[in-house]
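Presented below is the structure to which this report refers.
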Amino acid sequence: MTTVTYRPAHRSVRWVWLWCVAYTSLTPGAARRRRREEMRSHLWESERAGLPAYAVVLAALRGAVHDATWAAARGLPALGRSFGTPTPYVVLAPLFPIEGWVVSALFVGRTQHIGERVGAVGGGVTLLVAGLVWALRRTMR
């Protein structure tokens, strides 16, 4: 079976495939491709064996917790390693002023909320952390 030719016949089986795509999206490429190929194979075999769509969906629901823990076990270490680079800090820095603006709009006329102060200084602090991570990585080479 090739990956290009397979398309689930039933709508409910398509939902199972979409679940697979969703929970594998944050995992490293090789693990993601292996898991998706495995799922394509299972879905294809289920359709060829004549299993009703509800049986396939129930099997997917029973395995959802396992799927999520599998994805976390493979994706979280990679996510943690990414915070050893300056990129996520630079990406997150603009969100702090936006958060401060939203919180200040929600608390008009009330006492100051801590989110306003975090929003005011968080972006600069995050950029400072990005600079420190960059400098540390540069000196460790």
### Message
Could you report region 87-140's accessible area per residue, 1.4 Å probe, as an integer in Å²?
### Response
74
### Message
Which one, Arg32, Arg81, Arg48, has the greatest fluctuation when you compute a Gaussian network model over the chain with C-alpha springs under 10 angstrom?
### Response
Arg48
### Sites His113 and Ala73 - FRET efficiency at Förster radius 35 Å, r taken between beta-carbons, to 0.05
0.40
### Message
Per residue, how much accessible surface does region 11-81 expose to a 1.4 Å probe? Answer in Å², no decimals.
### Response
64
### Query
Simple spin-label model, 7 Å along Cα-to-Cβ: Leu106 to Ala30 in nm?
4.3
### Message
How compact is the chain by the rule of thumb for globular proteins, expressed as Cα Rg over 2.2 N^0.38 Å?
### Response
1.55
### Task
In a Gaussian network model over the chain where Cα atoms closer than 10 Å are linked, find which of Tyr23, Tyr54, Tyr89 has the largest mean-square fluctuation.
Tyr54
### Query
Per-residue ellipticity at 222 nm for the chain, helices alone: DSSP H runs ≥ 4 residues times -39500 (n - 2.57), over residue total, nearest 500 deg cm²/dmol?
-25500 deg cm²/dmol
### Query
Roughly how many percent of the accessible protein surface of the chain is carbon and sulfur, given a 1.4 Å probe and a whole-percent answer?
67
### Message
Compute a Gaussian network model of the chain, connecting alpha carbons closer than 10 Å, and tell me which residue from Val108, Val90, Val21 fluctuates the most.
### Response
Val108
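The values are calculated or read from the model by the stated rules, or taken from the named source; none is laboratory data. Predicted model only: the values in this text are computed from it and were never measured. So basically every Cβ, Gly included, is an ideal-geometry build from the backbone, and we count neighbours across all protein chains shown. Only protein heavy atoms, including side chains, enter the accessible area calculation; ligands, DNA and RNA are left aside. Shrake-Rupley method; radii C 1.70, N 1.55, O 1.52, S 1.80 Å.
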